[in-house]
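J.: Take this structure, written in structure tokens, and hold onto it; I'll ask about it next.
The values are calculated or read from the model by the stated rules, or taken from the named source; none is laboratory data. Remember, predicted model here, so these are calculated numbers, not experimental data. Cβ coordinates were reconstructed from backbone atoms using ideal geometry, including for glycine residues, and neighbour counts include every protein chain displayed.
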Amino acid sequence: MRFSDTVGYDLVCHCVNDVLVQGARPLFFSTTTRRQAEAAGDDGRHSRMARACKENGCALIGGETAEMPGFYGDDDYDIAGFIVGVVDEENCLDGKAVREGDILIGPSFAGLHTNGYSLAPGSSSSSSANDPQSIIPGIGKIGEALLQPHISYSEAIAAG
């Protein structure tokens, strides 16, 4: 598996999780990518974004392009997106109701996710931490951990 195989799915799930922690449900996800016309033949990123949106009950809208001539090489791509979610104000999770003695229940660890990509190499004191074959305790081979798809916790939260 290559990173580019999951990047569209990962981006949507990362954004979904960002609104879930506020108690919101995702409404829609919008994306900006480079070379949208080539993606119409679909290299997989857009279909994976659409699949992630469908799995998380939100619409995929937009699809703007950002060519930026001279900035990217022929084989480079760039992908960015944002999500809009909704929650009633009285149901917004903002931490104000948290009190000493409360119990936090969370889903089990499912990998580094996008926030962990930049932290993983620093979690080892070894200079080999940037080596994809390097093993990090509790994570395993850093290269394999980085390629695990980013999951959404929407089902776990809905079931809770």
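J.: Answer yes or no: is there a residue in the stretch 78-85 that is at pLDDT below 90, of a type in the set (Phe, Trp, Tyr) and under 23 Å from residue 21 (Cβ atoms).
T.: The answer is no, given that none of the residues of the stretch 78-85 is at pLDDT below 90, of a type in the set (Phe, Trp, Tyr) and under 23 Å from residue 21 (Cβ atoms).
J.: Taking only pairs six or more apart or across chains, which ones have beta-carbon atoms under 6 Å, a first residue in the stretch 25-41 that is at negative phi and of a type in the set (A, V, I, L, M), and a second residue that is at pLDDT 65 or above and in a loop (DSSP other than H, G, I, E, B)?
T.: 27/58
J.: Same structure again: Filter the stretch 28-77 down to residues that are loosely packed, with under 13 Cβ neighbours inside 10 Å, at pLDDT below 85 and among the charged types (D, E, K, R) and give me whichever is farthest from residue 14 (Cα to Cα).
T.: That would be 74.
J.: Kindly indicate whether residue 88 is within 30 Å of residue 30 (Cα to Cα) and either modelled with pLDDT of 70 or more or more than 21 Å from the chain's Cα centre (by Cα) (or both). Outline the logic, then answer.
T.: Numbers: within 30 Å of residue 30 (Cα to Cα): yes; either modelled with pLDDT of 70 or more or more than 21 Å from the chain's Cα centre (by Cα) (or both): yes.
Yes: the conditions hold for residue 88.
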